[in-house]
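The structure appears right after this line, and notes come after that.
The values are calculated or read from the model by the stated rules, or taken from the named source; none is laboratory data. Quick caveat, the model's predicted, so the values are computed rather than measured. Neighbour counts run over all protein chains shown; Cβ positions are idealised from the backbone, glycine included. Calculation scope for accessible area: heavy atoms of the full protein, side chains included, ligands and nucleic acids excluded. Shrake-Rupley method; radii C 1.70, N 1.55, O 1.52, S 1.80 Å.
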Amino acid sequence: MIPTRLRLFYHLTAFAVVAVWGSTFVFTKMLLMAGLSPANIFTLRFIMAYVLLTCFEHLLSRKRGQPFLWTCGNWREELQMIGLGLTGGSLYFLCENAAMLFTTATNTSLIVCSCPLFTMLAMTLVYRDEKIAGRQLAGSVIACVGMAIVVLNGHFVLHLSPTGDLLAFGACVCWAAYSLIIKKAYNRYSTLFITRKVFFYGAVTILPYYLLVNDPLPMEVVLRRDVLLNLLFLGCVASMLCFVIWNQAISKLGAVETTNWVYFNPITTIIFARWILNEPITPYFLIGAILILSGMYMTTPKKLQ
């Protein structure tokens, strides 16, 4: 068990990561309007994050006088890293974006943002040391309802699409699998090493997509100043820095406590959309935000309240 103050610190860092990730929807929308595809944005983000993190970790290893690791100790552990790159990177991205080709963005958001519930159930089933109290489960459900109200924003009409909804559910399963795999990876490797491998295998496993889909990278768009600045934010801050912090929080708090902060994602997205894109904030947002905050309070360990 880590000290209460340290637990509070990691909860705050997890919240900060979700706040940044909430803003990425706005910046991604701006890049899409500039002419980049979702796959282009994902690939550039992960390649940029991998190169920067590799350079940083290499310098850190030299300063500490430690060898720089390129690969894991054996092929089974390397397969774990490939699994992390797939579930936390390329496969998650493809499921989420492909879902919106068959169903609405609202359906996709509702299903994907409920991943804390799936993660909670998966961790409880697989790991005996991950026990969920009734109060935590109730709080997670309340937060999930609040998230649904925020996403629906008063438009309580859902268009069911088995293919699209199944793909969105696949993204949920990917994130839960990522949380399961990374728990095992922490037994042998550091947060920096694991995160670097996630970026590497995420970028590598997205390459077959380009062989199947005609989606060239428009360099004339990438080299524009406004596009480069957006990509630098997404690659350096939202990807490299946030993934390192998020994975460190998981290693200290556990996957369930950390992933519960995902419920805040729609809140931060709407706040940034209001600030940058001047999109309105409705009463439904306020009601949903109150429910999310109440649910998160119930899921927080009593010693932190």
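Points to keep in mind about this one:
- The residue that is nearest to I82 (Cα to Cα), counting only those in the range 58-68 that are assigned to a helix (DSSP H, G or I) and open to solvent by 20 Å² or more (accessible area, probe 1.4 Å), is H58.
- Leading residue by the ranking (nearest to the chain's Cα centre (by Cα)) among those in the range 69-80 that are more than 24 Å from G235 (Cα to Cα) and outside any helix (DSSP H, G or I): C72
- A Cβ distance below 9 Å, combined with a sequence gap of six or more or placement on separate chains, defines the contacts here; from the range 228-243, residues that are open to solvent by less than 40 Å² (accessible area, probe 1.4 Å) reach residues that are outside any helix (DSSP H, G or I) in the pairs L231/L36.
- Leading residue by the ranking (most open to solvent (accessible area, probe 1.4 Å)) among those in the range 74-97 that are aliphatic (A, V, I, L, M) and closer than 14 Å to F199 by Cα: L91
- When residues in the range 30-56 are screened for being buried (at least 19 other Cβ atoms within 10 Å of the Cβ), of a type outside the set (A, V, I, L, M) and more than 16 Å from V222 (Cα to Cα), 1 of them pass.
- Flag if R188 is outside any helix (DSSP H, G or I) and out of contact with any Cys (no Cβ under 6 Å at 6 or more places or on another chain): yes
- If the condition is being modelled with pLDDT of 85 or more and either more than 18 Å from the chain's Cα centre (by Cα) or surrounded by fewer than 20 Cβ atoms within 10 Å (Cβ to Cβ) (or both), then the range 245-255 contributes only I245.
- Here T71 fulfils each of the conditions (1) at pLDDT 90 or above; (2) open to solvent by 60 Å² or more (accessible area, probe 1.4 Å) apart from (1).
- Considering G89, G83, the condition of being within 28 Å of R224 (Cα to Cα), modelled with pLDDT of 80 or more, in a helix (DSSP H, G or I) and among the small types (G, A, S) is satisfied by G89 alone.
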